[in-house]
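Laboratory data are not the source of any read-out in this text; all were calculated from the coordinates shown. Remember, it's a predicted structure, so these values are computed and weren't measured experimentally. Note: ideal-geometry Cβ built from the backbone for every residue, glycine included; neighbour counts use all protein chains shown.
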Amino acid sequence: MVRHRTLVAHPTVLLFDIDGTLVWTGGAGRRAMEATFLAMTGAREAVSFTFAGMTDRAIVRAGLENAGRPVDEASIDRLIGTYLELLTETVRSATDYGVYPGIQQALDAVRGLASFAVGLGTGNVEPGARIKLGRVELADEFAFGGFGSDHEDRARLLAIGATRGAERLGVLREACRVIVIGDTPRDVQAALAIGAECVAVGTGGDSPESLVACGATRAFADLAAPGALEALLG
Ligand SMILES: [Mg+2]
């Protein structure tokens, strides 16, 4: 008997950003990072810049520079370790925390579709991503991703996530439609840098119009907006 392998007409890899795209954390990430710098360098203000679209390791690197501390990979590793310990507590205790409109519906729509690989494309290191998503029971929705622990550069970590998604679909990355779902100009730029589409959402503070002006393929107020789900499904 010939077993027909289902032909994947248009294999699609979705890479979701976390903060400002999937969830809001009520500042839990910032509080953990500030507490980390206070504990490790005495300089909470070293990380008083915006984290939007930055990877965790890039945030720590900039913070160490601002604090006038040696910047080396071992120091970054040490601070990330402390950050993860503190993040567990700030996420647990955050009072303003949730999933943005349309996210659950989008995940429901693609779950089980043979042509879709649903992953993360996030600057969070992987354990931090799991902590943030675990609070809203989304951690198990994403079997793979490109993470801040894979690369400090956002475009590079997205490329890693795209390759992992293609592997799950059993095709080459070049054969896939790759869609980055993000909320910042940095998400858009990194998506374009790897030849991916970017479906942008205005939930993180940047307007859909400004994200289109940055080069987003499509942009919506949130994924519950008319046309947003269709933009993902193709
Ligand atoms: Mg974001």
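Side notes on the structure shown:
- Shape of segment 126-217, Cα gyration tensor, a/c cut at 1.5: oblate
- GNM flexibility winner over the chain from Ala46, Ala213, Ala191 (Cα, springs under 10 Å): Ala213
- Antiparallel %, DSSP beta bridges [both residues in the chain], to 5: 10 percent
- Distance between the pseudo-spin-label points of Phe49 and Glu137 (7 Å out from Cα toward the beta carbon): 3.9 nm.
- Dipole magnitude of the chain, debye to nearest 20 (Cβ charges: Lys/Arg +1, Asp/Glu -1, about Cα centre): 480 debye
- Which of Gly205, Val23, Ala175, positive extreme of dipole for the chain (C-beta unit charges): Ala175
- Amide H contacts under 5 Å for Val71: none, restricted to partners 5 or more places along the chain or on a different chain, H placed in the peptide plane at 1.01 Å from N.
- Segment 117-167 and segment 14-65 have Cα centres separated by 16 Å.
- Computed from label points 7 Å out along Cα-Cβ, the spacing between Gln104 and Arg156 is 3.8 nm.
- Nearest 10 degrees, 0 to 90: helix 28-41 Cα axis against the chain principal axis: 40 degrees
- Proximal charge balance of Leu192 [Cβ under 12 Å; K/R count +1, D/E count -1]: 0
- Backbone amide hydrogens, once placed in the peptide plane, bring Phe144 within less than 5 Å of Leu120, excluding anything fewer than 5 places away on its chain.
- Relative contact order, percent, the chain [alpha-carbon distance under 8 Å, six or more residues apart]: 25 percent
- Rounded to whole Hz, the Karplus (6.51, -1.76, 1.60) HN-Hα couplings of segment 205-210, x for glycine and proline: x, 7, 6, x, 4, 5
- Formal net charge of residues neighbouring Ala139 (Cβ-Cβ distance under 12 Å; K, R +1; D, E -1): -1
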